[in-house]
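The values are calculated or read from the model by the stated rules, or taken from the named source; none is laboratory data. Model, not experiment: these values are computed from the prediction. Cβ placement follows ideal geometry from the backbone for every residue including glycine, while neighbour counts extend to all protein chains displayed.
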Amino acid sequence: MPIDQLFVCALVLLTVAMFMWEKISPDVVSMGALFLLLVVPFNGHPILAPADKSAQSAILGSIFGNNAILTVSFMFIVGAAVERTGLVEVLGHWFEKIAGRGGRWTLLALGVLSISISAFLNNTTVVVVFIPMVLGWCRRQQLMPSHYLIPLSYFAIAGGLCTMIGTSTNLVVNGIVKQKGLNAFSMFEITPLGLVLAGGVLVFIILFSARMLPERPSLAVLIDSESSREFMIAAIVGADSSMVNRMLADTPLSSMKRMRLIEVRRSGNRVETPLTELTFEAGDRVIIKCHLAGVKGKSDIESTEAMMREELGLSFLHTEKAVLMEGMIGPQSALVGRSVVDMNFRQQYGVLIVALHREGENQRENFERIKLEVGDTLLLEGSKERMTELFASSDFINLSEVKPKAKPQPSTPGYRANRSWVALLALLLVVVLGAFDAIPFEWVSLGAALLVVGGGCLTKNEIYEAVDWRIIVMILGTLGLGVAMDRTGAAKSIVHGLMSVIGAWDKRFIISAVLLLTIILTELLSNNAVAALLTPLAIQLGADLGCDPRPFIVAVMAGASIGFAIPAGYQTHMLVYSAGGYKFSDFFRIGVAMDAVCWVLGSIAIPMLWP
């Protein structure tokens, strides 16, 4: 290989290694690789910045102007509109009606619904909406959520295989296909293969999941087992209070058993000073958590309030029962990478974190300095008012679903149920117009995004929050690596090397090998990164074999969505990981078998559907 090809190959291997190391965010790693390709010179000029300005513009346009980037961004917006209008939640309540009391019928109902919805919506959105419903149903039926949440993640992934818009991976592959001058995939061209693989996942889960999935407790069991004697007391510090001009440690409150200061407000604003360093002033509004042992009636509460008036000089007392709820750190949460201590959580939100669940364990002590991650589940305690404020933000996903109403309405604050018809119309627009080749799909998705924005489904801030910019940035970086492999001839050299080994094989075995390689890499890396790196190689492989490259492209497209064994391999896995109380081994045990089933089915179906 020439030096520029060796450099590109080494950079790809380094990027893959950094992805697996997971110490640096994948979007930062991929953009770092792109930066090197734009600045490190070979023969006088960087690989992606040749002397010819028109060639340079074409290269950068093929990366930053790739229609996959536009389409993925627009579909993020459409998916967010469907979620914010409560459309998916309304559909998800069908699960409540037909779920039964557990067992195979429940898995069938969950599978059919989640696969069907995931075929047209981002699978992460579907899992986020379904998790609270499944947890609530499991509580009412006294069943273990661990029997149903891994299947939910698997079903959502399988549904994404059924259409071109089911997952961003399909859109990335299709964008590269168009960029190479090949005929793009239509909306439902991969549907037959998707139905085969989704059917295989559904049948396998129904038949074998009961024996392969564990019974693991989640934080939900703590909600039911907790004592219901916790109360939140709101009061005003009077001018003659013993707390005025004193710090917490110097007041009688610090020595009162079963009492804990949660929040202080001054002039209507939450005081940001740490509670241990705060000096109280007259007029401060305080929230105190109180555990009333042996509470039997109103008299116990009244006696406690009287004691706080006399000893602390508090007035205008209001007492309400504290509630325990589960919250999960979502993909868009600003809390990722921060600890409870770092963000001064108790004072900032007026809510206590009672326990944290991660990697199959409930941690009730010494978790305050742990850096929070996507999928962490927290047991929260506070007033209903504070809980409502907390779950109205995008930082937490509410896992404590209430009992379903006769006429279910979206339960999350901020939903715009009256605009659900606009979101549904936009989704139908994408499906119907996307099935035809008359209009480029990126313009169809743009039209749908404009419709939901103009129709009032999202606020201005929600439009930008809807796009997962980390995925967009990572796709850009990996697209740059793919272009560099093509431009330097590294892709051709790699394929020629492979041909010397597998060139004499039956093409069906070569397709199977490509599918297996993609599945293995998807378990270790981001599915979008794998798709961006391997699609150019699949196209080159087809050309060197002198046959239609489409089956090899499909093998990459399907394989990049088949990653069932390792939780970090797919975002939906991380969401159910803590919520279901799972350990790594739980995923690996059933996931390896699931990968093998999909590999066998794909190896048989792809050559038949794309001869």
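Of the candidates Ala49, Ala58, the single residue that is loosely packed, with under 15 Cβ neighbours inside 10 Å and without any contact (Cβ under 8 Å) to a residue 60 or more places away in the chain is Ala58.
Annotation: Gly546 fulfils all but one of (1) closer than 29 Å to Ser118 by Cβ; (2) surrounded by fewer than 24 Cβ atoms within 10 Å (Cβ to Cβ); the unmet one is (1).
Is it the case that some residue within segment 206-220 is in contact with a Leu (Cβ under 6 Å, 6 or more places away or on another chain), at pLDDT 85 or above and not charged (D, E, K, R)? Yes, segment 206-220 has at least one match. On the stretch given as segment 563-596, residues that are within 20 Å of the chain's Cα centre (by Cα) and in a helix (DSSP H, G or I) total 17.
Exactly one residue among Ala156, Ala119 is of a type in the set (A, V, I, L, M, F, W, C), closer than 30 Å to Ala435 by Cα and in contact with a Gly (Cβ under 7 Å, 6 or more places away or on another chain), and that residue is Ala119.
Looking across segment 239-271 at every residue that is among the polar types (S, T, N, Q) and in contact with a strand residue (DSSP E or B) (Cβ under 7 Å, 6 or more places away or on another chain), the one that is surrounded by the most Cβ atoms within 10 Å (Cβ to Cβ) is identified as Ser241. Being in a helix (DSSP H, G or I), among the hydroxyl-bearing types (Ser, Thr, Tyr) and either farther than 26 Å from Ser333 by Cβ or at pLDDT 85 or above (or both), is that true of even one residue in segment 552-562? Scanning segment 552-562 turns up no residue that is in a helix (DSSP H, G or I), among the hydroxyl-bearing types (Ser, Thr, Tyr) and either farther than 26 Å from Ser333 by Cβ or at pLDDT 85 or above (or both). Within this structure, Ala565 passes the test of being touching a residue at least 40 places away in the same chain (Cβ under 8 Å), over 17 Å from Gly166 (Cβ atoms) and buried (at least 19 other Cβ atoms within 10 Å of the Cβ).
Yes/no per residue for (1) among the polar types (S, T, N, Q); (2) out of contact with any Leu (no Cβ under 8 Å at 6 or more places or on another chain); (3) in a loop (DSSP other than H, G, I, E, B); (4) under 16 Å from Val173 (Cα atoms):
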{"position": "Glu465", "(1), (2), (3), (4)": "no, yes, no, no"}
{"position": "Val483", "(1), (2), (3), (4)": "no, no, no, yes"}
{"position": "Ile494", "(1), (2), (3), (4)": "no, no, no, no"}
{"position": "Trp505", "(1), (2), (3), (4)": "no, yes, yes, no"}
{"position": "Phe509", "(1), (2), (3), (4)": "no, yes, no, no"}
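When each of Ala158, Ala184 is tested for being touching a residue at least 24 places away in the same chain (Cβ under 8 Å) and either out of contact with any helix residue (DSSP H, G or I) (no Cβ under 8 Å at 6 or more places or on another chain) or part of a helix (DSSP H, G or I) (or both), the lone residue that passes is Ala158. Just name the residue that is farthest from Asn245 (Cα to Cα) out of those in segment 303-323 that are assigned to a strand (DSSP E or B) and at pLDDT below 75. Filtering segment 303-323 for residues that are assigned to a strand (DSSP E or B) and at pLDDT below 75, the one farthest from Asn245 (Cα to Cα) comes out as Val323.
Within segment 423-438, the residues that satisfy the criterion of being out of contact with any helix residue (DSSP H, G or I) (no Cβ under 6 Å at 6 or more places or on another chain) and among the β-branched types (Val, Ile, Thr) are Val431, Val432. In this structure, Arg386 qualifies as more than 23 Å from the chain's Cα centre (by Cα), charged (D, E, K, R) and either at positive phi or modelled with pLDDT of 75 or more (or both).
Is it the case that segment 556-578 has a residue that's more than 21 Å from Phe185 (Cα to Cα), touching a strand residue (DSSP E or B) at 6+ places or on another chain (Cβ under 6 Å) and of a type in the set (Ser, Thr, Tyr)? Looking through segment 556-578, at least one residue is more than 21 Å from Phe185 (Cα to Cα), touching a strand residue (DSSP E or B) at 6+ places or on another chain (Cβ under 6 Å) and of a type in the set (Ser, Thr, Tyr).
Could you please let me know if Thr106 is more than 28 Å from Ala426 (Cα to Cα) and surrounded by 22 or more Cβ atoms within 10 Å (Cβ to Cβ)? For Thr106, the condition - more than 28 Å from Ala426 (Cα to Cα) and surrounded by 22 or more Cβ atoms within 10 Å (Cβ to Cβ) - is met. Against the criterion of being closer than 23 Å to Tyr577 by Cα, touching a residue at least 12 places away in the same chain (Cβ under 8 Å), touching a strand residue (DSSP E or B) at 6+ places or on another chain (Cβ under 8 Å) and buried (at least 24 other Cβ atoms within 10 Å of the Cβ), Ile150 does not qualify. Exactly one residue among Asn398, Asn461, Asn418 is surrounded by fewer than 20 Cβ atoms within 10 Å (Cβ to Cβ), at pLDDT 75 or above, under 24 Å from the mean Cα position of the chain (by Cα) and of a type in the set (S, T, N, Q), and that residue is Asn461. Going through Asn170, Asn174, Asn123 one at a time, which residue ends up being crowded, with 24+ Cβ neighbours inside 10 Å, at negative phi and more than 22 Å from the chain's Cα centre (by Cα)? Exactly one of Asn170, Asn174, Asn123 is crowded, with 24+ Cβ neighbours inside 10 Å, at negative phi and more than 22 Å from the chain's Cα centre (by Cα), namely Asn174. Only residues that are crowded, with 20+ Cβ neighbours inside 10 Å and of a type in the set (Asp, Glu) were counted across segment 493-527, and they come to 1. Considering each residue of segment 83-123, count those that are in contact with a Ser or Thr (Cβ under 6 Å, 6 or more places away or on another chain) and part of a helix (DSSP H, G or I), and give that number. Of the residues in segment 83-123, 3 are in contact with a Ser or Thr (Cβ under 6 Å, 6 or more places away or on another chain) and part of a helix (DSSP H, G or I). If you go through segment 469-489 one residue at a time, do you hit one that is more than 21 Å from Ile24 (Cα to Cα) and in contact with an Asp or Glu (Cβ under 8 Å, 6 or more places away or on another chain)? For segment 469-489, residues more than 21 Å from Ile24 (Cα to Cα) and in contact with an Asp or Glu (Cβ under 8 Å, 6 or more places away or on another chain): present.
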